[in-house]
1. Starting from the exponent 0.38 and prefactor 2.2 Å, build the expected Rg for chain B from its residue count and divide its actual Cα Rg by it.
2. As a test, work out the antiparallel percent of DSSP beta bridges whose residues both lie in the protein assembly as shown, rounded to the nearest 5.
3. On average, how many beta carbons from a partner chain sit within 10 Å of the beta carbon of a residue in A:93-106?
4. Is it possible to state the helix-based mean residue ellipticity at 222 nm for chain A, with each DSSP H run of 4+ residues giving -39500 (n - 2.57), the sum divided by total residues, to the nearest 500 deg cm²/dmol? What is it?
5. If packing is taken as the average count of other Cβ atoms within 10 Å, what order do A:269-275, A:60-66, A:106-112 fall into, highest mean first?
6. Return the average number of partner chain Cβ atoms within 10 angstrom of each residue Cβ along peptide B:64-72.
7. Considering chain B as a Gaussian network with a 10 Å cut-off on Cα pairs, which listed residue, B:142, B:298, B:195, attains the greatest mean-square fluctuation?
8. Take peptides B:205-214, B:165-174 and line them up by average Cβ neighbours within 10 Å, highest first, as a rough protection proxy.
């Protein structure tokens, strides 16, 4: 019995390490992606872009990460990647400050650090690849509302995430500024409501918008949960033809509504290109083509030319607009 | 090694009823559990060195140690509590509350020399609440600490809200992230070793330690033989609360970030380490050195799997299997032995 007990435990241990492949010689270009969380469809799409770039450059790609999106859980991964001496870590910060000491240690060890999706604290990265600048998103949302409202005139309302959501609030502020421009004078922002990124709450808020603003022309929902919930409400209440809907969402969650005409256009940054660009930036940092200093320029195949901006930030580009014509080209 | 059965050598006759027929086998079982863990550790270290050339480096051991110290530190009082037949599920929330209050006080301009003792006292007070509800109100600790698990986390969110405080002074964050000068030994490891030595001594070499085992084996028998069960249990919960708050301070220092959601999910990691260490979930048996070994076994297993680029899902499967085996096997062994007699 004693022996079988020992064997059982030893087996578990061996099983654990036995699954692992042996370490192989590392190629010069070795980039690791560390998303906030693994098994998250959003990051898996970004990883696809990273893999595509790795294929083009003949580099190595791997994605590691915790199962829960916390800074504390990301730290051991950063430390292990540092010990493994990868060329670069491409990281989306679950907690910008909590992972900063570990990232700074990685940089001291000569590893390049590229932020994507969510920025680590300043000083903890070489370059941050921003998916979209706040101005671009806010202005894009107003332009889409203008496209949808007949003659670019009438009442519009915003269905947002939570009232404290940093990104959404910044976009809504830009929307308000943009609406003051003369070409949008016909649009009248009558309400901003919060669905808390909860499906049910968002649906209730969308319904309330329809009831309290009978002349509503367009609902703008700059959050993936909100826009899908609003689409369902428009369809269920039969308002789909009279009230238009636009905002930010993922093609997969909105495909059906685009096909049946509930939504004519919506936008989101191209997530796959985000991973693709981040890998290229990492490769250029490793090769020394760029240092990460503001003002440096570089170009990336299929995406074009980029300039590193203030705080070493690179902006991916204008958001991708999805319509019935192009939505089937995207799978995320 | 001093073992629980020594309780029976006391002149108190009531305790004779607590003795189990297989005293000697219980001793050997515990000893064997620890030697098994040593074996697993050796296998892991050899395997780790095989899968990754950077595994067996001082820097890597320093990293893997520091990442597990909050769990290890909280596992020390948890060992005593589970041996005494209770459990404290609230430790992760107390850790979060400590982080939140520390961040709040620092942001409000309070010196860390004042804030840290205040946070530790608050941890002790939270533990006292647990202890009194268990011993005075007579509620099961599972229920009480499930309640305070939610309560402390709620308080943490009220104190700090969704913001993170991160502008701590460099000397403070160097404590959590740095090493003892000139060595690869991280500071939190020093705290862990001191705590393990202190509690190991109390548990295995002193009379109160034997009383902890006695309570876990049979609380009423212990009470009738003069053990102040309620007071001892309350002390254990107070200790657990204070130590969890200390772990919160260490985590805040290591991440240089105070957040209300710090440490979410750590209770399970703590209980996993204690059970893997050979402590009986029903109380009455277990050793502190076993738990220390288990803490390192888990840390090394996860580190080796990460270095070998094993996916996160497979990592949790490996840890889950290890825990199931550690809990199930001893009971199966006892049952088989009991049947064969």
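Just so it is clear, none of the values below were taken in a lab; they were calculated from the coordinates. These figures come from a predicted structure and were not determined experimentally. So basically every Cβ, Gly included, is an ideal-geometry build from the backbone, and we count neighbours across all protein chains shown.
1. Here the Cα radius of gyration is 1.01 times the empirical estimate.
2. Around 20 percent of the beta bridges assigned by DSSP in the protein assembly as shown are antiparallel ones.
3. Mean number of neighbouring Cβ atoms from other chains: 4.
4. -13500 deg cm²/dmol
5. A:269-275, A:60-66, A:106-112
6. The mean count of partner-chain Cβ atoms within 10 Å per residue comes to 2.
7. B:142
8. B:205-214, B:165-174
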